[in-house]
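See below for the structure under consideration.
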Amino acid sequence: MIYLALLRNQWKSFVRSFKGKRLWLIGLGLFPVVLYAVLVLVTLGLFFDKIVWTPQGVSGATGLLNAHLASLFLGMLVLRFFFQRPPRMEIPPYLHLPIERSRLVQYFQAASLVSLHNVYPLFFFIPFWAHYVVGGPSGSAAAFVWLAAVFGCLLLSHIINTLIRLALDRYPKPFMIVALALIGFQMIDQALGKHLVNQASSLFFDPLARGDLRPLLLLGTLTLAAYVVSSRALLHSLRTERVAATRRQRVLPGILTFGRSPIHNLIVMEMMMMWRNKRTKQYVLISIGVSTAYTALLLSDYNAIFGNLMAAAVGLFASGVFALNYGQLMFSWESRYFDGLLARKIDLQHVVLAKFMVLMGSCLVLFVISLPLFFWLAPDLLMTHVAFLFYNAGVTSMLMLALAVFNRKRVNAAEGSFFNYQGFSLMHWLWIFPTILPPALLLFFMESTPQTALSVIAMLGLISMLLAWPWSRVLARFLARRKYLMAAGFRSF
Amino acid sequence: MNVKVFHLVKRYGQHFALHVPELRVATGEALGLVGNNGAGKTTFLRLTLDLIRPDDGHVLVDGQNVAQETGWKAHVGSYLDESFLLDFLTPGEYFSFIGGVYEMSASQIEAALARYRTFLPEQALRRTQPFIRDLSMGNKKKVGLVAAMLTEPRLLVLDEPFANLDPGSQIRLKTLLQDLRQEHATTMLISSHNLGHVTDFCERITLLDDGQIARDITTSDATLHELKHYFAATG
């Protein structure tokens, strides 16, 4: 009975999460994407040996997949870690009720199995199994042993994820280090041509495909042990009181303390908010990562892919990724205390100017950070980098700030950003295209005179920066009109 | 500062959240707002602070329409809920920020804070302080209340100021509010479910019921009994 009641609640929670959302719009946007993903996985499963290159010494599609299964499950575990919610988060509302905690743990562990992370691999594995393994030389009994092992690995990775999240929920760094070390080990292994991971994977999965039950027994034992340990850990975590981290005030340099200049105070407030909240801080770190790692990736092969369009993309992201990513939520970040700001003697134009300056500053900082990469990997794109610094600081920043006024979804900046799209919608990502379009078109149509195109791009940015005061006045007036709607949205959970 | 309200209406869909044809609060007067949950107290205070747009009517603070002008904000202190706190700051940083907004120097802020030392949580007075978000609910409230009073406002708007405070702090708060009124003739709009405190402190009580003024009473020895009787009958 109690399991049925819990199931009913979960169903209601799922159904009601769509309330107030335009389902047809979500369906229209999501259906083609889901269909495409499913078709890709099914096709990959059915034509695996025709799509994936088979190295020497590996026989058949099953042997090839077996050699890669260990890496595949490791990669899926990393994905789970970032994107799969652990069952612990669902339990607290029931803790005060006279329901045995062990039953709650059992139920929510079982219910958590209904997860996208356990379903989408099946669109690959089942067609693969039906096409390659069932018809294999070892017969159908061996095929079922192999399939049982695949299910077992999925289950094991599901349980291990729960365990890791329980231990490292608040401290993802150790996991990141281990995961990076494993990925690094595998990359070195591949680069050196040793293929130790593939050999280990084959050693485990090849006998399964021949119907050998011993690896399956080992896997079953491991899964059972992991289940027992994770159940205990989950049960224990329900009694663990989370102690709020109380960081101490530090002595900050004068420029980072509040004074009497209103714009300076608002900039300091924004910087403190950015650095002292988990999600905003992660945006800063991710932006630095994108500005360096992603830029390096693009720069290493920019000519071979799209030419001018890629140049525009590199320029836009290298110095403008923070403005693009963070800027559209510039007011939503303050949703928790927006009322408090509105009730004070704070000029809205000062608010807009302070935010504009923060975004402009971010462009300059990212420009400097990514500058060595341009010197090293693509010196001929240095002018593009400079031109886009002006464009991002002037145009992208102001555009994102203008869009931020339309955002009235409450955002909790203190929550982490992994798989956290609170406040974001598809429109936020689509706005990248009109932002990139003018410079891309300029670079495309003035291909013969790229220096002129870059000068025009830089001029656009410079003009927008010089017009900061009138721009901010217009935006402040707009903000004054929208503030009630925004505040109402920010108040609602 | 005086407050005048005319034909103030706030609707949510078909439901009237508030409908106040007229209300006047004189300079230096302390008006207590009481009423059941959903009676419209917080809506009234939000309208007074221009945090929500009225569907009709207006609020004038010293003759300034709060929805059209902003000059009144320089003389108003307010604390409605935790959404007034910049919780990623330490209490000290928050007071500096608020003081800066009202153009107070560091020494002025320090001097203004001196009178609140017995009211503020001990953690908020140390050289090293936790962030506001790490304080208990009651201590967060104390920080918010002090920030509202810090600038010696001429109009103070508080929602449930006594809730979540320990008994000693409730008594100290009443003393601090009394001092503020005496020294600066501060007008006060205070909503509260604590009938004892609100009748003790405010010389006038406005009772809201379903968004409308049910009673407007000048406080006397009989007011507390009258309110208790009213709520017992309507509850």
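The values are calculated or read from the model by the stated rules, or taken from the named source; none is laboratory data. Please read all numbers here as calculations on a predicted model, not as lab measurements. With ideal geometry, Cβ positions are generated from the backbone for all residues, glycine too; neighbour counts draw on all protein chains shown.
Considered as a group, the residues in segment A:322-337 that are among the hydrophobic types (A, V, I, L, M, F, W, C) and touching a Gly at 6+ places or on another chain (Cβ under 9 Å) include one that is nearest to the other protein chains (Cβ to nearest Cβ), and that residue is A:Trp333. Across segment B:109-128, the qualifying residues are those that are within 12 Å of another protein chain (Cβ to nearest Cβ) and touching a Phe, Trp or Tyr at 6+ places or on another chain (Cβ under 9 Å), and the one among them that is farthest from A:Met274 (Cα to Cα) is B:Ile109. When restricted to residues that are surrounded by 18 or more Cβ atoms within 10 Å (Cβ to Cβ) and either without any contact (Cβ under 8 Å) to a residue 40 or more places away in the chain or of a type outside the set (A, V, I, L, M, F, W, C) (or both), segment B:91-122 contains 14.
Scanning segment B:133-155 turns up at least one residue that is of a type outside the set (A, V, I, L, M) and at positive phi.
Here is the figure for segment B:22-50: residues that are touching a residue at least 24 places away in the same chain (Cβ under 8 Å) and either of a type in the set (Phe, Trp, Tyr) or under 22 Å from B:Pro153 (Cβ atoms) (or both) total 19. All of (1) more than 29 Å from B:Ser136 (Cβ to Cβ); (2) within 14 Å of another protein chain (Cβ to nearest Cβ); (3) in contact (Cβ under 8 Å) with a residue 24 or more places away in the chain hold for B:Gln64 with one exception: (3). No other residue among B:Gly77, B:Gly32, B:Gly92 is more than 7 Å from every other protein chain (Cβ to nearest Cβ) and over 16 Å from B:Met1 (Cβ atoms) apart from B:Gly32. Only one of the numbered conditions (1) away from chain A (no Cβ under 12 Å); (2) touching a residue at least 60 places away in the same chain (Cβ under 8 Å); (3) not basic (Lys, Arg) is violated by B:Ile171, and that is (2).
Just for helices (runs of 4 or more DSSP H) wholly inside segment A:345-409: which have at least 2 residues that are outside the structural domain of A:Ala480 (by TED's automatic domain parsing) and on the phi < 0 side of the Ramachandran plot? It would help to see each step written out before you state the result.
Details: elements: A:348-377, A:382-391, A:397-404.
Here the list is empty.
Scanning segment A:255-282 for residues that are at pLDDT below 85 and away from chain B (no Cβ under 11 Å) returns A:Ile255, A:Arg279, A:Gln282. With the condition kept exactly as written, say whether any residue in segment B:110-117 is in contact with a strand residue (DSSP E or B) (Cβ under 9 Å, 6 or more places away or on another chain) and aromatic (Phe, Trp, Tyr). Checking segment B:110-117: not a single residue is in contact with a strand residue (DSSP E or B) (Cβ under 9 Å, 6 or more places away or on another chain) and aromatic (Phe, Trp, Tyr).
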